[in-house]
Amino acid sequence: MAKAAPNLCFSPLTLNQNRKENFFSSQNGCFIHKPSLKTTFFSPIFRSCIPIRISATPTRTIDHQVTDYNAKILHFCQLGDLENAMELVCMCQKSELETKTYSSVLQLCAGLKSLTDGKKVHSIIKSNSVGVDEALGLKLVSFYATCGDLKEGRRVFDTMEKKKVYLWNFMVSEYAKIGDFKESICLFKIMVEKGIEVNSYTFSCVLKCFAALGSLKEGECVHGYLLKLGFGSCNSVVNSLIAFYFKGKRPESASELFDKLCDRDVISWNSMISGYVSNGLTERGLGIYKQMMYLGIDMDLATIISVLVGCANSGTLSLGKAVHSLAIKSSFERRINFSNTLLDMYSKCGDLDGALRVFEKMGERNVVSWTSMIAGYTRDGWSDGAIILLQQMEKEGVKLDVVAITSILHACARSGSLDNGKDVHDYIKANNMASNLFVCNALMDMYAKCGSMEGANSIFLTMVVKDIISWNTMIGGYSKNCLPNEALKAFAAMLKELKPDSRTMACILPACASLSALERGKEIHGYILRNGYSSDRHVANALVDLYVKCGVLGLARLLFDMIPSKDLVSWTVMIAGYGMHGYGNEAIATFNEMRDAGIEPDEVSFISILYACSHSGLLEQGWRFFYIMKNDFNIEPKLEHYACMVDLLSRTGNLSKAYKFIETLPIAPDATIWGALLCGCRIYHDIELAEKVAERVFELEPENTGYYVLLANIYAEAEKWEAVKRMREKIGKKGLRKNPGCSWIEIKGKVNLFVSGNNSSHPHSKNIESLLKKMRRKMKEEGYFPKTKYALINADEMQKEMALCGHSEKLAMAFGLLTLPPRKTIRVTKNLRVCGDCHEMAKFMSKETRREIVLRDSNRFHHFKDGYCSCRGFW
């Protein structure tokens, strides 16, 4: 078979009139393709090779084909068909594609966030030595920025010789978007140095960066610079300046700019409203909104949202409802961000029903909607409602985020609902959220506030990463749950891991106060001074409380006077301190000072002042404050207030009045109220009434050993030993155990503990016993006789005296006299109420040794000096 004349077969995609090195001429004048793997492409569009006879001048045909490739790629880009567009780009040879074609493909890669394809295009551009002009450079930089590789985008940017202002602005903006404000500012400075002609967009963007960094001085320099360049009246720039000054806590500067701005748009007004609201000047922000309404300026969604936030912050429900109506007329109600803000407004204004109505009408809900609703239940302390929402979210397939979870846990913490909190904990474990630091901290806080430090500690021990909040939560939890020793241990462990902050100080000081650990407290006070934490009001209040509870009332008052801006807590701590130390008149004077300073008392403040009146026997003043609370401040008395009044009546000997007062209470009395009267029965030896009251107490708290012991002691003091025996048998049958009396004294940072009747193990026991015998002998010589009724045992007088000598507070006071330097105040703390005989012994010791003794028992402080006690018998 004869051979046919050869036809050259090749894909048209490989033709390029400028690539002559790929061809050599044959004898018949045809171009013969040089064999190469690179030229053997079979496109899905061009499935077959086309036999073509090429003339010696193929330029026009080739130009037509190249144009066709560009057009096809552009067409694929318009269709969003990246796969075919990329295939054509890869098959084309050098110089076949125009820069606009590359730009279109890069734009499509950016839109589809295809970093791999975009990088491939960039590689082809470089290998083909395509010149990167401004348009192509912008597309490359934009592509890398959009796909999250700003570092590579910056490399492209830096290699470009000519860059117009919009490209600089783009880079400044992109760095700002990822939070690298410093690099944005750095680029701006390079622009200025290179003499790039900046525009309004440049200033708007860079001012946001200065605001985010809190660089007020540098921002002011830019303000001066833009004024020199004539941008002072540019609307968008002035709007950015207004936002900058609000962010820098300079509302007056922002207001001045707004007043001078002639061409105000809705953004100008919105900036003023949101700026005032975010700076805590909600009334002024709402005033701007009213002015906007009066002038008839059109509002947008941002206006409505800013006003609703202001209403939420100020609790202005009526205005919030009016804005709600206006938003419905403007058809904003279907926007989810509006609905979420509206829901939050109703919730924060206390209208939970209104919030629920908005929530139920929402066609679309996101996790923010659910979280806002949960936060509303949290504020109301209704953890059950929050849990119901959690269950509903699960049914609807909405996955809770960290904010929602922490909100629910906060609701459980506020309401003390441990069971609900445990349910949330189960949800956290089931959804693999237990490793999240914020969730763990919220869990620990919930367990601590619900009284389960075991639960809090179990979370703490499993945490891989612990921050300052984790440690503070544990330390504060131990302090609040009456575990001061554990708080101090946690604090010591924390010091090995990281530096405490002011909140740590506010958490650990109450633990020192609880133990009356004055020396330890002073060490921490020194640390506070060295680190500049004393200006923190929480710390300042905790320091006052520390010295109050350690019996150093003078220093507590000095620190109190040094607090520049006292809040209600500051005043309440000082009032309670005076009351605890038996200085009722000083407590009243401080209460009056507080009112003169414009601070309104709350229910806790009234508990403190009523307590002070009770422990100083100020019956008339106590009743006056009780009626002031009800009538002047419309505070409905709670059980704690009634307990103070019963205690006041009981301590002043008005036992029958106290009993009648309890019977007329509008709320059911608890064991604390009846217990206060029972204590009064012991003071005034009213056995008949004591038995009557004890029946009520035992009904309310049948497992509380303290009340059984109190009645037994009343019988013992009256020497009714059969009744004492019956009570002790009753305690035994119920399996109850009496807390032993113990006292402690801190010497050189070490706490020395003494337990009643158990002194033999102490290394100084013989010296202590000898000193107490010596004191007892001198007391008898001066006409003091032991109050053996407080021995509470059925024995002869000698045995009773010996029992009295073994009381823990006597042991601790004697140890203090033996070991502390002369004239050093002896400070003893007891877990129970001091007995009458020990009280007399302390008075005698202070007179005989000329030493001041401060004894803190479970009820109050006793300051013994020169044979007198600050309690004046009201204890």
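Accessible surface for Lys466 stands near 70 Å², nearest 10, in the context of the full protein assembly shown (1.4 Å probe).
In the context of the full protein assembly, Trp382 retains an accessible surface of approximately 120 Å², using a probe radius of 1.4 Å and ignoring ligands and nucleic acids. For the chain, adding -39500 (n - 2.57) for each run of n ≥ 4 DSSP H residues and dividing by the number of residues yields -20500 deg cm²/dmol at 222 nm. Packing-based ranking of 328-337, 636-645, 234-243 yields 234-243, 636-645, 328-337, ordered from highest to lowest mean Cβ neighbour count within 10 Å. Can you tell which of His538, Ser502, Cys679 lies farthest toward the positive end of the dipole of the stretch 485-734, using +1 and -1 charges on the Cβ of basic and acidic side chains (Lys, Arg; Asp, Glu)? Value computed over the given set: Ser502. Remark: relative contact order (the chain) = 4 percent; criterion is Cα-Cα distance under 8 angstrom and separation of 6 or more residues. Ignoring ligands, DNA and RNA, what percent of the 1.4 Å accessible area of the stretch 812-875 is carbon and sulfur? Looking at the stretch 812-875 in its full context, I get 46 percent from C and S.
Residue order by solvent-accessible surface for Arg850, Arg856 is Arg850, Arg856, largest first, with ligands and nucleic acids left out and a 1.4 Å probe. Taking Lys and Arg as +1 and Asp and Glu as -1, the other residues whose beta-carbon sits under 12 Å from that of Glu722 total +2.
Looking at the chain, what % of its DSSP beta bridges pair antiparallel, to the nearest 5? So the antiparallel bridges in the chain amount to around 85 percent. The accessible-area ordering, largest first, of the residues Thr462, Thr705 stands as Thr462, Thr705, per a 1.4 angstrom probe. Net charge near Leu437: determine it from the other residues with C-beta under 11 Å of the C-beta of Leu437, scoring Lys and Arg +1 and Asp and Glu -1. Spelling it out: positives minus negatives among the neighbours equals 0. For log10 I(q)/I(0) by the Debye sum over Cα atoms at q = 0.05, 0.06 Å⁻¹, the listed values are [x] -0.45, -0.64; [y] -0.50, -0.65; [z] -0.31, -0.45; which was obtained by calculation from the structure presented? Identified label for the calculated read-out: [y]. The accessible surface of the stretch 485-734, taken with every protein chain in place and a 1.4 Å probe, is 50 percent carbon and sulfur. In a DSSP loop and with at most 15 other Cβ atoms within 10 Å, the GluC sites (Glu not before Pro) in the stretch 96-194 are Glu161.
Taking all protein chains together, Lys260, Lys348, Lys395, Lys778 sort by accessible area into Lys395, Lys260, Lys348, Lys778, largest first [probe 1.4 Å]. If you roll a 1.4 Å probe over the heavy atoms of the protein chains, what accessible area per residue do you get for the chain, in Å²? I get 49 Å² per residue for the chain. Annotation for the stretch 296-336 versus the stretch 349-370: alpha-carbon center distance of 15 Å. In the complete set of protein chains, residue-level accessible area for Ser535 is approximately 100 Å², probe 1.4 angstrom.
Phi angles of the stretch 472-481 translate, via the Karplus equation with coefficients 6.51, -1.76, 1.60 and θ = phi - 60°, into HN-Hα couplings of 5, 4, 5, 4, x, x, 4, 4, 6, 9 Hz per residue; Gly and Pro are given as x. The order of the peptides 526-534, 486-494 by mean Cβ neighbours within 10 Å, most packed first, is 486-494, 526-534.
The values are calculated or read from the model by the stated rules, or taken from the named source; none is laboratory data. All of these numbers come straight from a predicted model, not from anything done at the bench. Because the Cβ atoms are built from the backbone with ideal geometry, glycine has one as well, and the counts that use them run over all protein chains shown. Calculation scope for accessible area: heavy atoms of the full protein, side chains included, ligands and nucleic acids excluded. Shrake-Rupley method; radii C 1.70, N 1.55, O 1.52, S 1.80 Å.
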